[in-house]
Each structure stands twice: as C-alpha cells, then as structure tokens.
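Undergrad: First the structure, which I've put down as structure tokens, then a few questions once you've had a look.
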Amino acid sequence: MIIFHEGLPRSGKSYAACVDHIVPSLKNGRKVFAYIEGLNHEKFAEVTELSLERVQELLVQIKADQVKEIYKHVEKDSFIVIDELQDFFPSGRQRQTDEITRFITQHGHDGLDILCMGQDLRDCHALWKRRVQRKIVFTKLTAVGKDDSYKWEAYEANAGEKFQKITSGVKKYDPKYFGLYASHTAGTNNTFNYQDDRINIFKTKVFRLGLPAFGLMLFFAIYYLVSFFSEPSFVKSDELDQDPELLSSPADPSALSAESPTPAAPPSFSSGPLDYFDKFASAMGNRIRLTGTIQIGNRIDAFIEIVDVTAYRVKETFTLTDLRQMGWVDKHWSYGIELIKEGNSYIASSWPMESWGKVSEYQQIQVSQQ
C-alpha cells in the first residue's frame, strides 16, 4: 500500500508519520527505511521501550541522495517513508527509470508499504499519484488559536485519481514524542509558528462582539419562554402583614384621646389587575383575531389581537396568560377560542388580514386582460 500525507509545512505530517506508523512498526519488529531529516534513534528507543541497539537495527536513515534510487537501499517486507516526495519525483512527462517504475508498481509483491509525504499530491509524478491508495490531509488549527493540535482527514482512492472521504478528526501533539525527528534544518532559530491575530477567529470583532450579543439574546429568549409558560404567583390581600397603626388615619386629630383611639378603616385592595380587554373587544369597529397558538405538554397559550377593521390596524395584542390573569376563562373549539367572564363572551378566530373589496389574483389577471 502507498499512503500519502498531504499538508502545508508544520501541519502535522511528519509527526503523524513517526507516531502513527514508525513507532508501531518498530514495536512490531518491522524494519523501517525512512527519509526524514534528523531521525533520533535515542528518542525512538525511549518511546518504544526498546534498546538503542534494537532501534538502530530496525530504523535505517535514508539520505537525500539515496531517494531517487531507494530500491537499492531497502529490504523486502519493510516499511518505507519518503518525505517531500515532490522534490525527487515532480509532476511532469519525464520518463522514470525501469528500476524505480518496477519498485513503485510492484512494491506489494515485495511486501512493502510506502508512506510518502508532500505539500500537495498533484505536485508529484503521475507514476506515484496513480498508485496512492490512501491520502491523509493535514490542516493547521492556527485559525482557531490551537497551535498544539492539527486536523486530519482520511480519503480512500477511487478510479481515476479520485478520492472519497472516509473519516476525519482532530489530534493534539503529545510532548513525549517531540524530538523524534528534526522539524527544522540545522542552524534554524525561528522554530515558532508565525502569528497573525487577524486570522484568529477568536480575536475577530465578529467573535468578540457577536458571541456576547448572541449569549445575551439567548438568555432573554430562554427567560421569556420560561416566564411565558410559568404559572403566575399572586399574594392574597388577606395574607399581607398589615400594621393597624399604619393603616389607620384619624378623621379629626383634635377628637383623639389617649383612652379611646379611633382607628380609620383599612383601605381596600384591588382584587386583580385592571381588565381593559373587554373595553377593546366591545368597542365599535373592533374585531378579535386569533393569530397563533403554542402548546408545550399540557400547557396551551395563544396570541390574540384586537383589530380596528375600519382601518385594518392592530390596536392591542394579548396572550391567553394575560387574559387568564384578568379572570377570563378560555374554551377551545375547532373554530377558535371562546373567552368568558362575568356573563360576557367573545370568540377569537383566525381570519385573513385583508382589506374589504380586495380581489383575488385570478380576478386581477382577468381584469388586466380586458
């Protein structure tokens, strides 16, 4: 099998090659021939828990000048790794040697598995491209501020150099594997990913301002829904703690005596909120309109409008919760909702909000054709 790791520099290709392929191969006793700069045999011995001598026996460093004739330096049944494949076998019409052609086309007969890496598979020679069975695409996560992780997507080959996505995931770099290979050439001091806050989604204005605004709107939406379907709580007037001295008021201060104080009668409390639904519903020219109902479990609520039919203007909007608090009893029928209170009864039904005399679209077409 030929596998290709595709991705930009520092996107996780070489890390995954070492952690997901080379380390397991060494643990299984399989010989590995790898062109990856700066392989550290001591570090591989540490993470595989094998002796240094055993790792040096199994892991063979291939040099850059050996890659074009790699078939001369590998053994059967081994695992082979070639980094930056496009540098040695670039795309184009140039003919490859018979030896490398046989190596690529007949690798399965020799028990070989080959892992190639590059920035884009399209940059590589067609002899390699047409035999890649599995492609893993690696992506940096610097745009979301996660330099310690990378995203991978696995594709399986179909006919005609086309690939079908199989699975994907996000993996975090494990520091214990750092140092297995040289991620930079000798003499390089800049070993950090270049930072630009403009492409970090968490530092954009949309995220910094939009997310708090969305959270605030979500809070009020939840609060409204909870309060909309919650039973209102009232405190009865006879349950209030009343201080007679505060509620009393002398009619004539000069008539008061220490022996016979005369407290005034306590003021009366309103039995409920002011009902102005009846005022709107009974007014001449107004009509009640049911605009919608909501049901969650056994709780039902609805929106009811008072419409001035002379101008087709909504004058007031109520909910069933509002009307129940005013003392109205609602009965639900197939044609709408009946509202009853103290002998008064109103019907709220759905009806189109259109001006009288409006003709249908069919009639308009007929008139326009005359």
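Undergrad: Please give the Cα centre distance for region 54-80 versus region 334-349, rounded to the nearest Å.
TA: What the calculation gives is 89 Å, centre to centre.
Undergrad: Taking the Cβ of GLY169 as the center, what net charge do the other residues with Cβ under 13 Å away carry, scoring Lys and Arg +1 and Asp and Glu -1?
TA: +2
Undergrad: To continue, here is another question. On a full-extension model of 0.36 nm per residue, what is the gain between LYS68 and THR105, subtracting their alpha-carbon distance, rounded to one decimal in nm?
TA: 11.8 nm
Undergrad: Considering only DSSP states other than H, G, I, E and B, which GluC sites (Glu not before Pro) in region 73-154 qualify as loop sites with at most 15 other Cβ atoms within 10 Å?
TA: GLU75
Undergrad: A further question follows. Please compute the length gained on full extension between TRP333 and THR317, using 0.36 nm multiplied by the number of residues separating them and subtracting their Cα-Cα distance.
TA: 3.7 nm
Undergrad: Want the number for ARG122 to SER91: 0.36 nm per residue separation, take away the alpha-carbon distance, what's left?
TA: Full extension of this stretch gives 10.4 nm more.
Undergrad: Next up: In what sequence, highest mean first, do 7-20, 43-56, 284-297 appear when ranked by Cβ atoms within 10 angstrom?
TA: Ranking, from highest mean packing down: 7-20, 43-56, 284-297.
Undergrad: Which of LYS31/LYS165; LYS13/LYS76; LYS72/LYS176 have a Cα-Cα distance over 32 Å?
TA: Exceeds cut-off: LYS72/LYS176.
Undergrad: Hey, rough spin-label estimate for SER350 and ARG30, points 7 angstrom out along Cα→Cβ, what's it come to in nanometres?
TA: 6.5
Undergrad: Under a Cβ-Cβ cut-off of 11 Å, what is the net charge of the residues other than TRP328 that fall near it, where Lys and Arg count +1 and Asp and Glu count -1?
TA: Around TRP328, the surrounding residues sum to -3.
Undergrad: Let me ask something else about it. What's the local net charge at CYS116, with K and R +1, D and E -1, over the other residues with C-beta under 14 Å away?
TA: Charge balance in the 14 Å sphere: +1.
Undergrad: Further question: Quick check: from the Cα gyration tensor, does region 26-79 come out rounded (a/c under 1.5), prolate or oblate?
TA: Judged from the Cα gyration tensor, region 26-79 comes out oblate (a/c at least 1.5, b/c at or above a/b).
Undergrad: Taking neighbour Cβ counts within 10 Å as the exposure measure, how do TRP128, TRP351, TRP333 sort from fewest upward?
TA: Ranked by crowding around the Cβ, least crowded first: TRP333, TRP351, TRP128.
Undergrad: Moving on. Distance in nm between label sites at PHE219 and ASN158, each 7 Å beyond Cα in the beta-carbon direction?
TA: Result for the modelled spin labels: 4.9 nm.
Undergrad: Taking 35 Å as R0, compute the FRET efficiency from the Cβ-Cβ separation of ASP77 and SER149 and round it to 0.05.
TA: 0.55
Readers should treat all values here as calculations from the given coordinates under stated rules, not as data from a laboratory. Just so it is clear, the model here is predicted, and its values are computed rather than measured. Using ideal geometry, Cβ is built from the backbone for each residue, glycine included, and neighbour counts are taken over all protein chains shown.
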